[in-house]
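See structure below.
The values are calculated or read from the model by the stated rules, or taken from the named source; none is laboratory data. Treat the numbers as computed from the prediction; the structure is a model and nothing was measured. We place every Cβ from the backbone using ideal geometry, glycine too, and count neighbours over all the protein chains shown.
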Amino acid sequence: MSNAPDIGEDGGGNDGGTIAYVAIGANLGDRAGTMREALAMLHATDGVRVVACSSAYDTAPVGPPDQPRYLNAVAAVRTTRSPRELLGALLEIEKALGRERSTTRWTARTIDLDLILFGECVEGGGDSSASESTTGALSVPHPRFRERAFVLVPLAEIAPQARDPVTGERVESLLRACPGRSDAVRSGPLCDFPLG
């Protein structure tokens with residue numbers, strides 16, 4: 001199976017549901033193993049199917065410099081859930097995988113799941129980062145994804161033609177304008193398809 005999802009013009013999947021993109025990262029413990037476990041848990045969630053996953057990329061951390069490098073990837077999911085319900089599922093998966101919350105942003109973590117894009121949905125009022133939201137507040141698209149090479153590089157691998165519903169720009173165009181993209185070092189595939 002190709003890692004590129006079959007996406008309708010409006011971000012809806014051609015066989016029902018909406019295509020959403022979830023950034024997956026970790027910089028503590030068995031980074032790749034925990035990310036694979038998160039993908040499996042996401043795929044097993046009612047109303048959610050992982051349809052594509054980028055390679056894993058080793059990247060520098062954002063925030064305090066005295067933390068380990070991250071492993072990052074992006075998964076495409078087809079879902080019948082709402083954006084808020086999908087964010088809730090991401091929060092539950094983080095908690096199940098031992099994610100400990102801190103009042104300090106951008107600290108080291110065992111798993112980090114962020115809702116990046118959800119079809120053509122534009123919704124404000126919070127943060128679509130499961131790791132930064134404990135209240136279920138949500139912003140889609142993710143408010144900082146356009147400036148994060150560690151999200152855009154793997155997203156462009158599986159969905160270069162996906163569009164930012166706010167700016168109308170394609171992911172490949174956003175990546176070309178993003179500083180730091182050369183820091184993302186491909187470390188290999190994260191998972192095989194189809195998932196179980």
### Message
Return the pair list, or none, for Cβ contacts closer than 6 Å from residues in segment 55-74 that are over 14 Å from R181 (Cα atoms) to residues that are of a type in the set (F, W, Y) and assigned to a strand (DSSP E or B), at least 6 apart or on different chains.
### Response
V74/Y21
#### Entry: segment 161-184, residues that are part of a helix (DSSP H, G or I) and either touching a Leu at 6+ places or on another chain (Cβ under 8 Å) or touching a residue at least 40 places away in the same chain (Cβ under 8 Å) (or both)
V171, L174, L175, R181, D183
### Query
Among (1) more than 14 Å from the chain's Cα centre (by Cα); (2) at negative phi, where does I93 come up short?
(1)
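Filter segment 174-189 for residues that are of a type outside the set (K, R) and under 20 Å from P143 (Cα atoms); which is surrounded by the fewest Cβ atoms within 10 Å (Cβ to Cβ)? If you could, list the steps in order and put the result at the bottom.
Looking only at segment 174-189, we keep the residues that are of a type outside the set (K, R), and these are 174-175, 177-180, 182-185, 187-189.
With the extra rule that they be under 20 Å from P143 (Cα atoms), the set shrinks to 174-175, 177-180.
Working: L174: 23, L175: 20, A177: 11, C178: 18, P179: 8, G180: 15.
By that ranking, first place goes to P179.
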### Number of positions in segment 61-81 that are modelled with pLDDT of 95 or more and surrounded by fewer than 17 Cβ atoms within 10 Å (Cβ to Cβ)
1
### Query
Looking at A44, A75, A56, which is the one that is closer than 26 Å to T107 by Cβ and out of contact with any Pro (no Cβ under 8 Å at 6 or more places or on another chain)?
A75
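Given the residues L91, L87, which is the only one that is buried (at least 21 other Cβ atoms within 10 Å of the Cβ) and not in a strand (DSSP E or B)? Steps first, please.
Working: L91 fails: buried (at least 21 other Cβ atoms within 10 Å of the Cβ).
Checking each option against the conditions leaves just L87.
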### Task
Would you mind finding the one in R146, R99 that is touching a helix residue (DSSP H, G or I) at 6+ places or on another chain (Cβ under 8 Å), over 24 Å from G168 (Cβ atoms) and either modelled with pLDDT of 80 or more or in a loop (DSSP other than H, G, I, E, B) (or both)?
R99
### Query
Inside segment 21-66, can you point out the residues that are under 13 Å from F150 (Cα atoms) and assigned to a strand (DSSP E or B)?
V22, A23, I24, G25, A26, S55, A56, Y57, D58, T59
### Query
In this structure, does R78 turn out to be of a type in the set (K, R), within 16 Å of G25 (Cβ to Cβ) and under 16 Å from the mean Cα position of the chain (by Cα)?
no
### Message
Just checking, does segment 125-132 include any residue being in a strand (DSSP E or B) and at pLDDT 75 or above?
### Response
no
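E94 - would you say it is touching a helix residue (DSSP H, G or I) at 6+ places or on another chain (Cβ under 9 Å), over 16 Å from A26 (Cβ atoms) and modelled with pLDDT under 95? First the steps, then the outcome.
Numbers: touching a helix residue (DSSP H, G or I) at 6+ places or on another chain (Cβ under 9 Å): yes; over 16 Å from A26 (Cβ atoms): no; modelled with pLDDT under 95: yes.
Considered against the rule, which asks whether it is touching a helix residue (DSSP H, G or I) at 6+ places or on another chain (Cβ under 9 Å), over 16 Å from A26 (Cβ atoms) and modelled with pLDDT under 95, E94 comes out as no.
Being free of Cβ contacts under 8 Å to residues at least 60 places away in the same chain and buried (at least 23 other Cβ atoms within 10 Å of the Cβ) is the filter here; which residues of segment 135-159 pass it?
Step one: of segment 135-159, the residues free of Cβ contacts under 8 Å to residues at least 60 places away in the same chain are 135-141, 143-144, 146-147, 152, 156.
Answer for segment 135-159, where residues must be free of Cβ contacts under 8 Å to residues at least 60 places away in the same chain and buried (at least 23 other Cβ atoms within 10 Å of the Cβ): L138, V140, L152, A156.
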